[in-house]
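Colleague: First the structure, then my questions, so here it is.
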Amino acid sequence: GDTGSSAIHGLRGKKGVECFILFPDGRTSPIQERQMTTVLDSNIHNIALKGNFDDAQNIVKALFADLPFKKEYNLGAVNSINWARILAQTVYYVYAYLKVTDAGSTDKVSFSVPTGNFGDILAGFYAKKMGLPVADLVVATNENDILDRFFKTAKYSRNECRETLSPSMDITISSNFERFLYHMAGDDSKALGDMMKTFEATGSLEVDSKVVDKCKAEMKSSMVPDEEVLSTIEEYEKKFGYVLDPHSAIGVAAANKVGTEAKKMVSLACAHWGKFPVAVERAVGSEAMKKLDVPDTLAQLDTMETRKYPIEAETEAVREFIVKQLS
Ligand SMILES: Cc1ncc(COP(=O)(O)O)c(C=O)c1O
């Protein structure tokens with residue numbers, strides 16, 4: 001929903017680049033969808049996939065694993081499957097650190113990160129490895145809590161995907177978590193490969209206790225259910241007049257629950273509340289909602305023409321579509 005529209009707006013009309021976006025049909029907010037489907041440039045191809053985020057990501061990975069196909073069409077990924085994207089995300093940890101500390105400070109700062117695919121928080125981990133004085137990194141999840149359960153029980157096991165108020169985090173397998181596990185297992189690709197094979201075959205993984213201890217030394221976690229998302233949005237609107245979107249509310253609620261010994265904790269805010277008006281209205285009530293101004297760029301989406309291609313959640317169907325569009 002969010003990476004999709006960023007990629008589309010970055011690449012629209014660019015010569016030599018064809019941009020295929022797979023978004024899970026009906027599982028982004030209507031405004032997120034319109035931010036993507038109202039872009040009608042001929043190099044933008046919005047695929048409304050009949051499945052969930054995991055299906056979309058699996059199809060992209062399957063196409064990337066087909067090396068002749070990848071080579072023929074010069075495939076490149078814009079989401080956090082692409083490690084370079086994560087590297088770019090390290091920048092705002094440094095920026096935020098400099099904003100909340102005095103010049104020359106070496107005080108540690110903690111970060112709470114609304115987490116789905118684990119790309120954002122992995123960037124925080126890399127920023128810390130590069131020397132940024134980071135105290136705690138808090139993995140904040142919604143009810144799709146595979147990561148929180150891992151940090152609490154040492155078991156990495158897949159559940160059914162639940163639709164929550166924070167759709168950009170409705171993910172049952174966090175693609176980048178295996179990159180983190182790789183580092184925690186001593187940068188050992190064989191050990192990581194064995195772990196992931198077990199996970200793929202059984203949907204569940206008991207991680208070696210030494211590796212789990214290392215993970216826990218690097219990150220903490222908290223799960224924030226929908227009702228807490230709503231109460232957090234309501235509380236912050238009332239107390240501070242600041243409207244959190246549901247994802248950002250998860251970061252804030254987790255920060256408050258987990259706490260930190262550092263003097264400061266930054267909670268990353270990843271989306272504007274205006275993309276999720278239904279959840280925000282439920283949280284703040286209809287009277288307060290009437291007083292909130294939706295930015296023009298979002299309000300005008302309602303009347304614009306759209307284009308999307310509904311496609312079954314099957315790798316071959318997506319491959320066929322790509323080939324046809326490019327021929
Ligand atoms: C609004 C919002 N919040 C949270 C996330 C989760 O980030 P990540 O998938 O890197 O964990 C995303 C990801 O796209 C997002 O769009």
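Colleague: Which aspartates and glutamates does Lys128 reach when only Cα atoms under 14 Å apart count, and residues fewer than 8 places away in its own chain are ignored?
Modeller: Within the straight-line cut-off, Lys128 pairs with Asp107, Asp120, Asp136, Glu218.
Colleague: Under 19 Å from a point 7 Å along the Cα-to-Cβ line of Glu261: which residues of region 136-160 have their amide N that close?
Modeller: Under cut-off, by backbone N: 136-139.
Colleague: Give a quick list of GluC sites (Glu not before Pro) in region 233-327 that DSSP marks as loop, anything other than H, G, I, E or B, with at most 10 other Cβ atoms within 10 Å.
Modeller: Values: sites: Glu234, Glu235, Glu237, Glu261, Glu281, Glu287, Glu305, Glu312, Glu314, Glu316, Glu320; in loops: Glu261, Glu305, Glu314.
Here the sparse-neighbourhood loop sites are Glu261, Glu305.
Colleague: Based on the mean of other Cβ atoms within 10 Å per residue, sort peptides 9-18, 181-190 so the most packed one is first.
Modeller: Details: 9-18: 11.6, 181-190: 15.5.
Peptide ranking by packing, descending: 181-190, 9-18.
Colleague: Can you show me the helix-derived [θ] at 222 nm for the chain, built from DSSP H runs with n ≥ 4 at -39,500 (n - 2.57) apiece and divided by the number of residues, rounded to the nearest 500. Write down the numbers at each step before the final one.
Modeller: Numbers: 17 runs with 163 residues, N = 327.
Value at 222 nm, helices only, nearest 500: -14500 deg cm²/dmol.
Colleague: Considering only DSSP beta bridges where both residues belong to region 91-279, give the percentage that are antiparallel (nearest 5).
Modeller: Numbers: 3 of 16 bridges.
DSSP beta bridges in region 91-279 are roughly 20 percent antiparallel.
Colleague: Okay, next question. Using unit Cβ charges (K, R positive; D, E negative) and no other charged atoms, how large, in debye to the nearest 20, is the dipole of region 91-279 about its Cα centre? The partial results should precede the final answer.
Modeller: Values: 22 positive and 27 negative charges, 110 e Å.
The calculated dipole for region 91-279 is roughly 520 debye.
Colleague: Now for a separate question. Taking a cut-off of 14 Å between Cα atoms, list the aspartates and glutamates near Lys197, but don't count ones fewer than 8 places away on the same chain.
Modeller: List returned: Glu178, Glu206.
Colleague: Extension gain Met196-Leu98, at 0.36 nm per residue separation less the Cα-Cα distance, in nm?
Modeller: Values: separation 98, 0.36 × 98 = 35.28 nm, distance 3.74 nm.
Between Met196 and Leu98, full extension yields an extra 31.5 nm.
Colleague: Filter Lys14/Lys129; Lys152/Lys238; Lys61/Lys308; Lys216/Lys263; Lys70/Lys214 down to the pairs with a C-alpha to C-alpha distance above 24 Å, please. The partial results should precede the final answer.
Modeller: Details: Lys14/Lys129 35 Å; Lys152/Lys238 33 Å; Lys61/Lys308 22 Å; Lys216/Lys263 21 Å; Lys70/Lys214 35 Å.
The answer is Lys14/Lys129; Lys152/Lys238; Lys70/Lys214.
Colleague: Tell me, what is the per residue accessible area of region 79-213 in Å², probe radius 1.4 Å? Walk me through the intermediate numbers first.
Modeller: Details: 5990 Å² over 135 residues.
Per residue, region 79-213 has 44 Å² of solvent-accessible surface.
Colleague: Which part of region 234-258 falls in the paramagnetic zone of Lys290, meaning amide N under 19 Å from the point 7 Å along Cα-to-beta-carbon?
Modeller: Counting backbone N atoms under 19 Å from the label point, the list is 238.
Colleague: Right, next: As a test, work out the antiparallel percent of DSSP beta bridges whose residues both lie in the chain, rounded to the nearest 5.
Modeller: Details: 3 of 26 bridges.
Bridges in the chain are about 10 percent antiparallel.
The values are calculated or read from the model by the stated rules, or taken from the named source; none is laboratory data. Keep in mind the model is a prediction, meaning the values are calculated, not measured. Quick reminder, even Gly has a Cβ in these numbers, built from the backbone with ideal geometry, and neighbours come from all protein chains shown. Quick note on the areas: whole protein, heavy atoms, side chains included, nothing else; ligands and nucleic acids left out. Shrake-Rupley method; radii C 1.70, N 1.55, O 1.52, S 1.80 Å.
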